[in-house]
1. If each residue's Cβ is checked for other Cβ atoms within 10 Å, how do CYS376, CYS366, CYS393 rank with the fewest at the top?
2. Between GLN273 and LYS421, with labels modelled 7 Å along Cα→Cβ, what's the label distance in nm to one decimal, could you check?
3. Take the residue pairs LYS373/LYS396; LYS298/LYS347; LYS298/LYS383; LYS222/LYS407 and return only those whose Cα atoms are more than 20 Å apart.
4. Pop out the ³J(HN,Hα) list for the stretch 337-343 in order, Karplus 6.51 cos²θ - 1.76 cosθ + 1.60 with θ = phi - 60°, rounded to Hz; leave Gly and Pro as x.
5. Sort GLU346, GLU184 so the one with the fewest other Cβ atoms within 10 Å of its own Cβ comes first.
6. For the stretch 108-215, run through the chymotrypsin sites (Phe, Trp or Tyr not before Pro) and keep only the ones in DSSP coil with at most 16 other Cβ atoms within 10 Å of their Cβ.
7. Using the Karplus curve 6.51 cos²θ - 1.76 cosθ + 1.60 with θ = phi - 60°, work out ³J(HN,Hα) for each residue of the stretch 403-409 in order, rounded to whole Hz, and write x for Gly and Pro.
8. Using θ = phi - 60° and the Karplus curve 6.51 cos²θ - 1.76 cosθ + 1.60, what whole-Hz ³J(HN,Hα) does each residue of the stretch 357-365 get, with Gly and Pro shown as x?
Amino acid sequence: MRFAPVLQNFRTFRDASQCWCHCAGSLTPASFLGRGTNFRPFLLKSVGKLKLIQLNRYSSTTSSGSKDASDHDSLKEVETTTRRKDNTTVFYDSLRVFAKAGSGGQGLPKKGGIGGRGGDVIAVGRSDTTLKEMCQKYPKKRFIANPGADSKFFCLYGEPGKPLTFPVPLGVSIVTEFGHKLGEINKNGEAIVVAKGGIGGCPSNGFSAELGQVHNVTLDLKLIADVGFVGFPNAGKSTLLKALSRASPKIASYPFTTIRPNIGVIEYPDFRQISLADLPGLIEGAHSNIGMGHKFLKHVERTKILLFVVDIHGFQLSPQFPKRSALETIVLLNRELELYKEELTEKAAILVLNKSDLPGSYEKICHIKDTLKDQCTYEKYVKSLPQDYVPDCIMKFDKIVHLSAAKDEISVNQLKYVIRKIIDINDGEGENSMILHETVRSRL
């Protein structure tokens, strides 16, 4: 109980549990912060998770003016630390909410009166909302609709309950607790009934009202973007996103710098805009949800094209793992996408060979391009790899680009227009689109 006297004037609580410390002592909370080296790290380390609330007020006569000033500065520093930690950006791509529809109104058997139907709970797509904003606006995450009115002698037909609507971001799939998918919302104003209201009392149910549906549903967000970045950690995806758009993702020289998806937008001189989604790096086994595989791969499903970002000099997650060459990395990414969802391998794809400014890059670029451009040579190379690496459907790349995302502005600008061309091709429909797709692929 070495620090018990120090905590006498604080109430400490976390979640539902509460702890009160009442001990003898005369230290004020402010002077506590300036005392010793053992207590200060303890407070600064836990201040983000624990809230410390001063219970008593102290008069200015307890200490000198200079000491009060230093104590005030210490408290201000801790408050600033708390505020900084509370304002950290959190990306939500899944949210569980409770939805309860209204019960029907009771019928009136003597007069044949029919009770009103209970209100529905409806999710409506909004382009200007996010799951994070939903958490802030509806902290309880409970949506309960109004019941229908009972039938009465002076009003035989009960008034139906008012439906309850709540906004959800575009790209959300709504899944019940039993795994049943209620639907997807991809357009602004599109609506899905999450819970249906109960039928009011009527002859078919013996004038006994029915209860409304109750569901614990999961709002599963899959980002809607034109281009999805795919690659292993530390391939330079965030650097490329920053070079292509005005986004400011975290960039560092170690793997797993990106821990949540980042969105950027390419803006063209004619005011055309194309959205980019930089996804956190995959690892081998992501298809079977190793690491956070499914959490990241699901965002690739709704993109129009895939942008493979590969380090020319290969990738090694850590010294315990074998180093993969650039070609092995491409094949492994192809395999992970295929095992997660085979339809992903049919998407149009661009291969970006990054970090071309490093020594020895030219020879490797030539070798990779020569291997990929000759389909027979590439298939022969793929079959020479261990069977676990070999995909059943080998992806074809519409364009192979080599650049340095950090330094090569000319190649980055050229990549912007390559992305635009391939998106325009894939926006077509039917056989004409396929013919145009193959023609442009050969020209590129």
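1. So the residues, fewest neighbours to most, are CYS376, CYS366, CYS393.
2. A separation of 2.6 nm, rounded to one decimal place.
3. LYS298/LYS383; LYS222/LYS407
4. Listing the rounded values in order: 5, 5, 6, 6, 7, 4, 5 Hz.
5. Ascending Cβ contact count within 10 Å gives the list GLU346, GLU184.
6. Loop-located and lightly packed - PHE153, PHE154, PHE178.
7. Using θ = phi - 60°, the values come out as 6, 10, 4, 7, 10, 9, 5 Hz.
8. 7, 7, x, x, 7, 4, 4, 5, 4
Read the figures in this text as sums done on the coordinates, not as results from a lab. The shown structure was predicted, so the numbers you read here are calculated from the model rather than taken from an experiment. Positions of Cβ are generated from backbone atoms using ideal geometry, with glycine treated the same way; all protein chains shown enter the neighbour counts.
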